[in-house]
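Visitor: There's a structure below that I have some questions on.
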Amino acid sequence: MSRAVPRSRSPLTFLAGAALIAPLALLGAGPVSAASEFTVTPLEFTVRAGDRSCTVDADLYRPAGVDAGHPAPAVLATNGFGGSKSDGSTDAIGRAFAARGYVGLVYSGLGFGKSGCLITLDDPAIDGRAASGLVDFLAGTRAADDGTRADFVTGDGPGDPRVGMIGGSYGGAVQLATASVDHRVDALVPLITWNDLAYALSPNTTGAARGVSSDTPGVFKWQWTNGFYLLGEGQPLLVPSIDPSRFGSPACLHFAPRACDTIRLLNSGRYPADRTDAMLAYARSVSPASYLPGVTAPTLLVQGQADSLFNLNEATATYRTLRAQGTTTKMIWQAWGHSGGQVPGELDLATGNLETSYVGQRILAWFDRYLHQRQDTDTGPAFAYYRDWTSGYGTAPAVPAPSRTLYLSGDGTLVDSRSKVTRGSRQYTNALLPTSHSESSLAGLIGLKDPAPYDTRGTHLGWTSASLTAPVDVVGAPKATLEVKSPTAERVQNSGDASDRLVLFAKVYDVAPDGTQHLVNRLVAPVRVPDVTRPFTVELPGIVHRYEAGHRLRFVIAASDTAYFGNRGIKPVTVVSAPQDTGVLELPAVG
């Protein structure tokens, strides 16, 4: 059954993780043309997903006046993790683009809403193929289960509809998964999504062999990961009478079995080599890091600066891979992500600012260029980033590389020349419980106040710069090269269980003149040191931040963090500094 919807009633709110993730507005209604309405028709599609056959629940948004004689391009979208086609976010994507003359097809992802099948983490062979079946519908080559056909979508050839995709988080990665198996997709706008789930869920910020991916298993991000796991396994409580095809085994109710195996291994706190290799292989097989070579559709990546789940480094890795292989790609770093960060003037439903916000304009231009194929449309610079210290966005031809070097002195200062480094030896040790805090990942979602970041005396080391004589604008990922001594860790690091290796956390504070410390977006770099007998380089999460004149930078390595698993056993750490042999901190300073 179809229903007419006036365009003036097209609110649009986007949840990047629906029931779990705090509401993040995506697209505003904004000014629209004079046409008065579009229709919304519920549809179902039977798809094959791995070894199962199941139903995908969808809604078709058809603008008034669009028919076989007057076709329009299509926009395909699905929900964030835990959402559905009917939540106030995903439904709103269909409304917003139908209000602007696009055919919209919005569906509940596999394992969510009223769609069947197991949750398979946007596996291209399953979730991607299921979405490709919906592209067939838009092409007019298959019907919905009730016989409905779409003969009103602009085509690029027989069986090839003009279709773009948009969505965030779980609804972002599925775009890349779909485009990797179906080259009929013409344009992508993935927001706040991942490059490598192994890095996102258990990051190791040293030893990256490709993009963000390290061969050494990382440090378990237990709060975010278990929140998602419980949300997936708790679907019967959230969606009564769900499709039987969504049930797995008693030990793994709603996820693909290998996903549950991964969560159990991470929660065990142990990383035996054989099981760990299998875990890394699986996590990457369902991650863009493994299938980006198949993505040829022009891609506009939008990533959030306030995001401890999928940080800016993930989008940067995807961006660099796509560009290196010749895929048309641009990237925007906006303020908000999974950790909040919405600011006035940013893309926001409440103000209806699709046409007036910077990111909204870029999205419209992207689809204008690649769906309407208006060759003269300006799609904007290759890279843009939100600046909270001035109006508007900054732009650059590429993500800035480190350009300013500071040195870790033996007296605890951070100096700008090796000649200023004093000799010294300093030590910290870990406790059996976490003694440093960056964030409570889910605090804002359940109404709790998150304590300010802190580090307990004796369980961290810090190096502080002199007061800055002029502002320093950092855009990108700082890097630190470190060498630590830990005889205890050295004795066990080759045990065959990677969890025996030393864990530490690197971060950079902004210290105000009154001594108040600010950890930008509460971001830290978890490190599982491959070999404590050798120097290692840490790539911290990307930031966009101005360190004001009169402020100081403080670089810290800490033994633990409340949002992550830490060291197994007590492992004291010593850092030795000398003018020609000391740690360095590199900042991607601009301007």
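The values are calculated or read from the model by the stated rules, or taken from the named source; none is laboratory data. All values derive from a computational prediction rather than experimental measurement. Cβ: placed from backbone, ideal geometry, glycine included. Neighbour counts: every protein chain shown.
Visitor: Can you tell me which residue among Arg100, Arg95, Arg62 is within 20 Å of Leu138 (Cβ to Cβ), crowded, with 18+ Cβ neighbours inside 10 Å, touching a strand residue (DSSP E or B) at 6+ places or on another chain (Cβ under 7 Å) and modelled with pLDDT under 95?
Guide: The conditions single out Arg95.
Visitor: Read through the list (1) assigned to a helix (DSSP H, G or I); (2) more than 23 Å from Gly340 (Cα to Cα), then give the number of the only condition that Asn521 fails.
Guide: (2)
Visitor: Within segment 320-334, restricting attention to residues that are surrounded by fewer than 24 Cβ atoms within 10 Å (Cβ to Cβ) and touching a strand residue (DSSP E or B) at 6+ places or on another chain (Cβ under 6 Å), which residue is nearest to Trp389 (Cα to Cα)?
Guide: Lys330
Visitor: Moving to a separate point now. Is it the case that some residue within segment 484-505 is within 17 Å of Pro572 (Cα to Cα), in contact with a strand residue (DSSP E or B) (Cβ under 6 Å, 6 or more places away or on another chain) and surrounded by fewer than 21 Cβ atoms within 10 Å (Cβ to Cβ)?
Guide: Checked against the condition, which is being within 17 Å of Pro572 (Cα to Cα), in contact with a strand residue (DSSP E or B) (Cβ under 6 Å, 6 or more places away or on another chain) and surrounded by fewer than 21 Cβ atoms within 10 Å (Cβ to Cβ), segment 484-505 yields at least one hit.
Visitor: If you check every pair at least six apart or on different chains, which have Cβ atoms under 9 Å apart with a residue in segment 273-292 that is under 25 Å from Leu322 (Cα atoms) first and a residue that is of a type in the set (Val, Ile, Thr) and not in a helix (DSSP H, G or I) second?
Guide: Pairs found: Val286/Thr120; Pro288/Thr193; Pro288/Val295; Ala289/Val212; Leu292/Thr327.
Visitor: Select from segment 229-247 the residues that are modelled with pLDDT under 90 and assigned to a loop (DSSP other than H, G, I, E, B) and write down the one among them that is farthest from the chain's Cα centre (by Cα).
Guide: Ser241
Visitor: Taking strands (runs of 3 or more DSSP E) that fall entirely within segment 33-85, which contain at least 2 residues that are touching a residue at least 60 places away in the same chain (Cβ under 8 Å) and of a type in the set (Ser, Thr, Tyr)?
Guide: Fully inside segment 33-85 and qualifying: 37-49, 52-63.
Visitor: If I filter segment 269-282 for residues that are assigned to a strand (DSSP E or B), of a type outside the set (Val, Ile, Thr) and over 26 Å from Ser89 (Cβ atoms), do I get at least one hit?
Guide: yes
Visitor: Right, another one. Of the conditions (1) more than 25 Å from Ala68 (Cβ to Cβ); (2) surrounded by fewer than 21 Cβ atoms within 10 Å (Cβ to Cβ); (3) of a type outside the set (Ser, Thr, Tyr), Gly133 fails just one. Which one is it?
Guide: (1)
Visitor: Kindly indicate which of Ala77, Ala68, Ala72 is buried (at least 24 other Cβ atoms within 10 Å of the Cβ) and out of contact with any Pro (no Cβ under 6 Å at 6 or more places or on another chain).
Guide: The unique qualifying residue is Ala77.
Visitor: Name the strands (runs of 3 or more DSSP E) wholly inside segment 110-204 in which the number of residues that are farther than 23 Å from Gln303 by Cβ and small (Gly, Ala, Ser) is 1 or more.
Guide: Once the strands (runs of 3 or more DSSP E) in segment 110-204 are filtered for at least 1 residues that are farther than 23 Å from Gln303 by Cβ and small (Gly, Ala, Ser), what remains is 155-157.
Visitor: Let me ask something else about it. Determine which member of the set Val421, Val399 is of a type in the set (Val, Ile, Thr) and within 24 Å of the chain's Cα centre (by Cα).
Guide: One residue alone meets the criteria, Val399.
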